[in-house]
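See structure below.
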Amino acid sequence: MAASQAVFADTGIKARLMVGMEVHVELSTRSKMFTSAPNVAHPDYYEAGPNTLCDPVVLGMPGVLPVINKRAVEMSMLVGLALGCEIAKQTKWDRKSYYYPDLPKNYQISQYDQPLCHDGQVDIPMDGEGTKTIRIIRAHLEEDAGKLMHEGPGGVKIDHSIVDLNRAGTPLLEIVTEPDFDSAQQAVTFGQTLRNICRSLGVSEGIMQKGHMRFEPNINVIIEKDGQTYKTPIVEIKNLNSFKALHGAIEYEYQRQIEDWLETGRVMKSGAKSTRGWDDVKMVTVLQREKEEAHDYRYFPDPDLVPVVVDDAWIERVRAELPELPLVREKRYTEQLGLNVKDARALIDEPKVCKFFEEVLSAGVEPKRAAAMLLNYGAKRANERGCAIHELGVTPGQIKEIAELAAADKIGSSAADELFGHCCDPRNQGQTAEALAEKHGLLQVSDTGALEGYVKEVLANPKNAKIVGDIQDGKDKAIGALLGQVMKLSKGQANPKLVGDMIKQQVRGS
């Protein structure tokens, strides 16, 4: 369906998609934005029961006063610096007034005209080569609302809705871009890039199913017909929490807006904005309401909170926390370490696995070999156990020993895979890889005397006469059939390279 630009031959129009993004990131501070109540976005509280992470501030009780979470401010500054933003020297807090069942105070504490971060940009990789620069308008800090549950805990069916205020008050960083995206895939790539940045900074776990990141694309279409240009009204799609939903909603909305314009001629004007939801089952957007303008929220400075003043020294202390960012790391992995892009991204996508990979490199393992072992031997077992690669139990030292045994032809590739598995077994903790290889009979036999015996036995078998003849005629592929028999006799321990050479020597005399 929707490409970034499309020509509709039967209508005589050209259409171009225009998308700006609003991304909400829940910060994983231990406590909430304006109170010491536990934060549901922190790993320690993921499984908290509904309405167990509340206090009088969260509930909006009379007489309570909010207190600013300094770490949430610093995490927001970290993201802003990673996105190339200017950090405001002074920012204030505003009340954004609206009613919703999961907003106990009937207002949200946010930032209106003085956001903490502003005027940044970030590069995203394109489908082909190169990158595209996305401009960041602002990144402001606020508190999250609660949520309505339409199923009981554990998925139990109910005929009502439950207000769960665990999420209310969670530090929420809203990142707003210019309308720089002209395809759904670019918006998805930006979301993936931002998720990787936030995870590498340690400010969010980025678990989409838990709502740690929510996307709200603002979409309209530029239409050209008969030398005239028309812009369809902007539609904001609310609360998308998967890349699949983000992609599908943008593609659908692009087509829907073109069809609506062809039918009604409706164009962008004051008050024409609307919000729509995404139906994951029907794969369509659904009208929710006409979009509020800023004045509808009756913003005014929060009288209970002082402005935050940020000096240069504070900014530099936060800047010192910045790690190597994902795109920079990817370039280093591909250009300096020689990894292919797919492997580099697979490692970078999981920050803790990436850290473990760096530890394996520090142990002295060649980069390509280290990546292959983690992404093949490791990923397979991680999927089986339902854990991450770095949680398997194998140590960087053991991985180095496995690589050295393979390089010295003491184990083959299948034995290396099996040995990796033994190193992951908690019962083998503290044992060397070589000791485990010997214990489980994985070391290759390179004793020429023993190997010659196996080879002679196979060559003497009358059933192999034709195969031997083929080898004598120079057909090297036939060696594999005899090699397999030798491996069987040796219970898989024969060094295949030595066996192949011996077969050639004994059959051809060279």
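Some values worked out for this structure:
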quantity: Chain lengthening between MET283 and GLN472 when straightened (0.36 nm per residue, less Cα-Cα); calculated: 61.6 nm
quantity: Using θ = phi - 60° and Karplus 6.51 cos²θ - 1.76 cosθ + 1.60, couplings along the stretch 182-193 (whole Hz; Gly, Pro as x); calculated: 10, 7, 5, 5, 4, 5, 5, 4, 4, x, 5, 4
quantity: Fully extended contour minus Cα-Cα distance, from ALA460 to ALA408, at 0.36 nm per residue; calculated: 15.6 nm
quantity: Candidate aspartates and glutamates - alpha carbon under 16 Å from LYS225, same-chain residues fewer than 8 apart omitted; calculated: ASP10, GLU259, ASP260, GLU263
quantity: By average C-beta atoms within 10 angstrom, highest first, the peptides 354-364, 370-380, 22-32; calculated: 22-32, 370-380, 354-364
quantity: DSSP-assigned coil residues among chymotrypsin sites (Phe, Trp or Tyr not before Pro) in the stretch 133-229, each with at most 16 further Cβ atoms within 10 Å; calculated: none
quantity: Spatially proximal lysines relative to LYS70 (Cα-Cα < 16 Å; intrachain offsets below 8 disregarded); calculated: LYS32, LYS89, LYS92
quantity: 26 Å Cα-Cα threshold exceeded, pairs from LYS410/LYS475; LYS147/LYS231; LYS105/LYS269; LYS210/LYS273; LYS410/LYS488; calculated: LYS410/LYS475; LYS147/LYS231; LYS105/LYS269; LYS210/LYS273
quantity: Karplus (6.51, -1.76, 1.60) ³J(HN,Hα), θ = phi - 60°, over the stretch 304-320, in Hz, Gly and Pro reported as x; calculated: 9, 10, 7, x, 9, 9, 10, 9, 4, 5, 5, 4, 5, 5, 5, 4, 5
quantity: In Hz, Karplus ³J(HN,Hα) per residue of the stretch 41-52 (6.51, -1.76, 1.60; θ = phi - 60°; x = Gly, Pro); calculated: 7, 8, x, 5, 10, 4, 9, 5, x, x, 6, 9
quantity: Amide hydrogen neighbours beyond the local backbone of ILE411, cut-off 5 Å, H modeled; calculated: ALA406, GLN444
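None of the figures in this text is laboratory data; all of them are computed from the coordinates on show. Note that the structure is a prediction, hence the values are computed from the model and not measured. When we count neighbours, we look across all protein chains shown, and the Cβ atoms used for this are built from the backbone with ideal geometry, even at glycine.
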